[in-house]
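Report on the structure given below.
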Amino acid sequence: MTDRELISMAVSAMENSYSPYSRFPVGAAIECSDGTVFTGCNIENAALGSTVCAERVALFTAVAAGRRSFRRIAITSNGSSYCYPCGACRQVLVEFAPDIEVLCARADGRYVSYRLNSLLPLAFTSASTD
Ligand code: THU
């Protein structure tokens, strides 16, 4: 699958975003090492802290389906800025995929690519408590 195809799956997932409070829909698509893709969107709540980001919905859906190994994640919003993962999502991603490639897209389809370990250097992981 190409980067653009993965981003286009994130764009489709964004259509299901429930974001009446921020009016900022986000979509994510995570590619597992076996090539399967799981998607997610942000799901907000009147108790704002109970909101879950698109990336975590995608990752948790994949983990719940038995996947533990990941290659790439695409994230998009309908905004004019690249949609970078929030700090909490970076931390949740590092648990399963410290070297995952992160494609951050924007509404016009342009995107930038990073490795998670450059977005979250010196991360706290299971190795930190050894
Ligand atoms: N959001 C995501 O879904 N992913 C991110 O990485 C950044 C923020 C959502 C959460 C909330 O529903 C909205 O964007 C505005 O913060």
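The values are calculated or read from the model by the stated rules, or taken from the named source; none is laboratory data. Fair warning: this is a prediction, and the values are worked out from it, not measured in the lab. Positions of Cβ are backbone-derived with ideal geometry, glycine not excepted, and every protein chain shown enters the neighbour counts. To get the accessible areas, we keep the full protein, side chains included, count just its heavy atoms, and leave off ligands, DNA and RNA. Shrake-Rupley method; radii C 1.70, N 1.55, O 1.52, S 1.80 Å.
Which ones in region 74-95 are without any contact (Cβ under 8 Å) to a residue 60 or more places away in the chain and either outside any helix (DSSP H, G or I) or of a type in the set (Asp, Glu) (or both)?
Passing the criteria: GLY79, SER80, SER81, TYR82, CYS83, TYR84, PRO85, CYS86, GLU95.
Looking at region 50-72, which of the residues that are of a type in the set (A, V, I, L, M, F, W, C), assigned to a helix (DSSP H, G or I) and more than 12 Å from the ligand (Cβ to nearest atom) is nearest to SER22 (Cα to Cα)?
Taking the candidates together, the pick is PHE60.
Mind listing whichever residues of region 106-125 are surrounded by 14 or more Cβ atoms within 10 Å (Cβ to Cβ) and touching a Lys or Arg at 6+ places or on another chain (Cβ under 9 Å)?
Answer for region 106-125, where residues must be surrounded by 14 or more Cβ atoms within 10 Å (Cβ to Cβ) and touching a Lys or Arg at 6+ places or on another chain (Cβ under 9 Å): TYR111, LEU116, LEU119, LEU120, ALA123.
Which of the residues spanning region 1-37 are away from the ligand (no atom under 15 Å from the Cβ), outside any helix (DSSP H, G or I) and hydrophobic (A, V, I, L, M, F, W, C)?
If the condition is that a residue be away from the ligand (no atom under 15 Å from the Cβ), outside any helix (DSSP H, G or I) and hydrophobic (A, V, I, L, M, F, W, C), then MET1, CYS32, VAL37 are the ones that fit.
May I ask you to list the residues in region 46-55 that are open to solvent by 50 Å² or more (accessible area, probe 1.4 Å) and in contact (Cβ under 8 Å) with a residue 24 or more places away in the chain?
If the condition is that a residue be open to solvent by 50 Å² or more (accessible area, probe 1.4 Å) and in contact (Cβ under 8 Å) with a residue 24 or more places away in the chain, then ALA46, LEU48 are the ones that fit.
Inside region 96-130, can you point out the residues that are more than 16 Å from ALA29 (Cα to Cα), of a type in the set (A, V, I, L, M, F, W, C) and assigned to a loop (DSSP other than H, G, I, E, B)?
Within region 96-130, LEU120, LEU122, ALA123, PHE124 qualify.
Give the residue, chosen from ILE75, ILE43, that is under 16 Å from SER17 (Cα atoms) and open to solvent by 50 Å² or more (accessible area, probe 1.4 Å).
ILE43
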